Amino acid sequence: MEAMDGPKKKLETLLDELSRVNSLPTLKAAAHDVDRIIDLLSEAREQIAGTMDSHTASLTMTKLQNPIKTAFDKVNDSLKAASSAHKKVGRSLDKHFPLKPLPTDDDVMEQHLPLINRAIAMHLLREGQFGVASTFINEIQAKQLSTSSSDPDEAMDEDEYEDEEEEQEADDTGSPADSKHSSLASLHSEELQEKFAEMYRILQQIRAHNLLPAIEWARANSSELEARGSNLEFELSRLQYIWLFKGPAVNGLPDDERNGQLGALAYAREHFNRFQARHLREIQQLVSAMVFAPNLADSPYSSTFYTENAFDDVASSFTREFCSLLGLSAESPLYLAVTAGALALPQLMKYTQATRSKGTEWTTTNEMPFETPLPNSMLFHSIFVCPVSKEQTTEDNPPMVIPCGHMLAKETLQKLCKGNRFKCPYCPSEGVLKDARRVIL
């Protein structure tokens with residue numbers, strides 16, 4: 001418990017500092033005071049310019065002193081308060097989370113700079129930061145060209161890397177890599193930026209409870225979505241039916257024949273026919289709910305018509321399917337990598353420091369000394385660790401299941417063999433090597 005109290009107190013201290021910052025008046029007041037100063041000076045200039053009397057000009061300047069001084073004092077007080085609060089937060093961060101050098105002698109990321117640059121550029125595009133992404137790509141390419149002219153050997157390494165990436169680039173962007181620095185140049189295409197712009201435009205409409213643009217996109221790409229086994233078009237149409245069913249009092253749409261229960265029924269007759277082969281039961285439930293319309297909340301269909309998180313869920317589904325058609329994952333790989341690294345790094349640093357002090361450093365390359373706990377949303381591939389050798393299986397050393405049902409790594413199984421026979425280390429069963437089967441996780 002004491003080990004947990006330390007981080008908890010640090011977070012509470014930081015939250016207190018942040019609450020003080022949030023309680024400060026916003027800088028809009030300071031901006032208003034600055035505008036007031038500009039107005040006073042402009043009025044004084046016009047008054048002086050409109051008269052040739054030096055006495056009037058002197059009187060105008062005298063009257064201007066106190067209002068200007070008061071306004072400047074207000075601006076300075078607002079800026080001082082904000083600056084002081086931000087400095088306190090910075091000092092708290094430095095105190096409770098001091099910067100520590102990473103416990104490594106090598107910069108392992110330096111070997112993968114082209115891949116890292118591409119991940120950053122793709123992340124910016126995915127976030128809709130097209131201008132920033134374009135500037136980043138241009139600067140990286142300019143740096144690569146200058147490096148190529150000054151270091152032929154390094155340029156050759158870069159070209160070799162790009163050649164290896166060409167096939168992957170064709171999958172990600174829908175067009176083959178066609179330039180010397182293809183891993184970034186392919187992201188510079190206007191077509192790709194237009195696709196992401198379209199995705200954000202449709203997502204904005206979904207969050208505004210307008211599903212029609214998303215339905216139109218899903219219908220235009222129905223063949224590709226069906227080939228993937230996607231139900232996106234039906235999910236969107238289903239939610240559109242439910243949204244119409246709730247009527248103008250909830251959906252805010254015009255109160256006419258295309259809205260309400262009659263509008264929903266007309267929509268179902270027009271669009272649900274194409275989904276009957278795969279979703280007949282769901283369609284029947286949606287239409288049957290008409291009978292319970294006066295008391296839908298207490299009916300068996302209440303959960304079906306619950307829309308609290310429905311638009312967020314369908315927005316996530318749309319993002320996932322849209323990115324999949326571009327050959328991309330639904331989540332930004334850069335975001336996932338950085339988040340997973342932030343979760344794993346503190347434990348790894350603590351472990352490395354402890355082992356260094358005892359002279360028992362981990363020496364196995366490309367292998368973590370312990371399993372890093374990550375949330376389920378970040379677990380994409382099953383991992384098997386041999387219970388005998390304690391080593392993680394690889395493509396060359398895959399997991400093998402033996403006749404008794406226990407699972408071992410292939411190399412472990414080979415070491416246990418005497419001739420072609422082996423004895424299971426966990427039960428009395430014996431077996432023959434040819435009976436072991438590789439397991440695909």
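The values are calculated or read from the model by the stated rules, or taken from the named source; none is laboratory data. The structure displayed is predicted, hence computed values, not measured ones. Glycine gets a Cβ as well: all are built from the backbone with ideal geometry, and neighbour counts include every protein chain shown. Ligands, DNA and RNA are excluded from the accessible area calculation, which covers all protein heavy atoms including side chains. Shrake-Rupley method; radii C 1.70, N 1.55, O 1.52, S 1.80 Å.
Can you pull out the residues in segment 119-137 that are in contact (Cβ under 8 Å) with a residue 12 or more places away in the chain and more than 20 Å from Glu331 (Cβ to Cβ)? Hits for segment 119-137 are Ser134, Phe136, Ile137. Among residues of segment 337-348 that are touching a residue at least 24 places away in the same chain (Cβ under 8 Å), those with a Cβ under 6 angstrom from a residue that is open to solvent by less than 40 Å² (accessible area, probe 1.4 Å), sequence gap 6+ or separate chain, pair up as Ala340/Met378; Ala344/Thr372. Here is a list: Asp172, Asp159, Asp178, Asp163. Which entry is at pLDDT below 55 and under 19 Å from Glu321 (Cα atoms)? Criteria check complete, one pass: Asp172.
Yes/no matrix, rows are residues, columns are (1) under 30 Å from Asn138 (Cβ atoms); (2) touching a residue at least 12 places away in the same chain (Cβ under 8 Å); (3) touching a Leu at 6+ places or on another chain (Cβ under 6 Å):
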site: Arg201; (1), (2), (3): yes, yes, no
site: Gln204; (1), (2), (3): yes, no, no
site: Ala208; (1), (2), (3): no, no, no
site: Asn221; (1), (2), (3): no, yes, no
site: Leu232; (1), (2), (3): no, yes, yes
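For segment 67-101, filtering for residues that are under 17 Å from Asn22 (Cβ atoms), open to solvent by less than 70 Å² (accessible area, probe 1.4 Å) and out of contact with any Asp or Glu (no Cβ under 6 Å at 6 or more places or on another chain) leaves 7. Of the residues making up segment 78-91, those that are under 28 Å from the mean Cα position of the chain (by Cα) and of a type outside the set (Val, Ile, Thr) are His86, Gly90.
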